[in-house]
Amino acid sequence: MGEISTLHYLVLSAALFMIGTVGVLTRRNVIIILMSIELILNAVNLNLVAFSRLYGLHGQIFAIFVITDAAAEAAVGLGIIIAFFRNKETVNVDEVDLLRW
Amino acid sequence: MTPVATAFFFYFLAFMAVVSAIAVITRRNPVHAALSLIVTLLSLAGLYLMLYAPFVAAVQIVLYAGGIMVLFLFVIMLVNLEQNIREYQWNKQWLLGILLAVSLGGLLLFVFQRGYDIFPKTLAGLPEGQNTQQVGIWLYGNYMLPFEIASLLLLVAIVGAVVMAKKRI
């Protein structure tokens with residue numbers, strides 16, 4: 001199967017990023033959209049850790065910061081979902097159209 | 001000494017990650033999507049171990065698979081999704097979205113193929129036995145200010161989540 005290089009990790013990370021982007025752009029359920037954002041953040045983390053194999057420890061530190069941001073984003077996002085469901089009784093993003101004209 | 005992490009492990013974990021990531025965005029029931037996302041996160045933790053990053057792998061399992069996914073499952077439980085499961089799950093712009101994502105992936109592959117030569121040929125020395133110690137020294141040394149800003153961000157996120165989820169402010 002050959003040696004695993006950084007390029008293998010980058011291609012896997014690009015694949016995960018693409019899957020996450022498709023999820024964000026095509027799904028209606030806002031919970032699934034948040035999960036797709038987590039997929040995107042994980043793809044970025046894989047990139048950072050793969051490059052830290054080449055350039056030293058900085059990438060791993062940044063991966064930890066990205067995980068912190070993901071936790072904060074998930075907490076606020078899920079709070080917004082709860083408030084949203086309480087007002088509109090739905091979790092579909094295309095039914096939130098108060099700002100549309 | 002031959003390395004333990006062989007190519008087979010990489011392809012196995014990559015296959016698991018991609019298949020369960022596709023399951024995340026295609027499942028109708030959000031609980032199934034959340035469980036698939038846990039499989040993706042665990043395979044990524046295995047890949048971090050293969051990249052000599054045991055601390056990041058442990059943080060991935062404890063914080064992502066343990067903390068954030070429990071948060072997701074709790075919200076799925078709190079929000080009543082019974083009629084949502086019976087609805088159509090894809091929005092009107094799905095074709096455009098898939099086209100845009102595929103072109104973005106093509107662009108990324110093009111950049112990787114063209115720019116691969118500028119990567120350094122030698123690997124950095126990462127002694128995995130002292131990885132956690134090194135990460136601690138970096139976090140409290142060079143990255144002191146970003147670390148403090150991250151803690152402030154978490155405080156703001158806690159307050160924001162409580163305010164959002166409260167019935168009346």
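Points to keep in mind about this one:
- Coupling constants for region A:72-88 follow from the phi torsions by the Karplus curve (6.51 cos²θ - 1.76 cosθ + 1.60, θ = phi - 60°), and in residue order they are 4, 5, 5, 4, 5, x, 5, x, 4, 4, 5, 4, 4, 5, 5, 7, 10 Hz; glycine and proline get x.
- Three-way shape label, chain A, alpha-carbon gyration tensor, a/c 1.5: prolate
- The shape of region B:54-169 comes out oblate: with a ≥ b ≥ c from the C-alpha gyration tensor, a/c is at least 1.5 while a/b does not beat b/c.
- Cα shape, region B:109-169, gyration tensor, a/c 1.5 rule: oblate
- The length gained by stretching the chain between residue B:133 and residue B:32 to full extension, at 0.36 nm per residue less their Cα-Cα distance, is 32.6 nm.
- Whole-number percent relative contact order across region B:35-169, with pairs defined as alpha carbons under 8 Å at least 6 apart: 26
- Estimated 222 nm signal from helices in chain B, with DSSP H stretches of n ≥ 4 weighted -39500 (n - 2.57), rounded to 500: -22500 deg cm²/dmol
- Kyte-Doolittle at least 0.5, axis length at least 20 Å by Cα - qualifying DSSP helices, chain B: B:7-26, B:30-50, B:94-115, B:144-165
- Peptide A:48-55 has a mean of 6 when you count, residue by residue, the C-beta atoms of other protein chains within 10 Å of its C-beta.
- The order of the peptides B:129-135, B:8-14 by mean Cβ neighbours within 10 Å, most packed first, is B:8-14, B:129-135.
- Extension gain, residue B:163 back to residue B:104 (0.36 nm per residue minus Cα-Cα distance, nm): 17.6 nm
- Size of charge dipole - chain B - debye, nearest 20, with Cβ of Lys, Arg +1 and Asp, Glu -1, no other charges: 540
- Highest to lowest packing among B:30-42, B:147-159, scored as the average C-beta count within 10 Å: B:30-42, B:147-159
- The magnitude of the dipole of region B:75-169, with charges of +1 and -1 set on the Cβ of Lys/Arg and Asp/Glu and taken from the Cα centre, is near 380 debye.
The numbers here are math on the coordinates, done by the rules we state, and not lab data. Predicted model only: the values in this text are computed from it and were never measured. Counting neighbours? That spans all protein chains shown, and the Cβs are built from the backbone with ideal geometry, glycine included.
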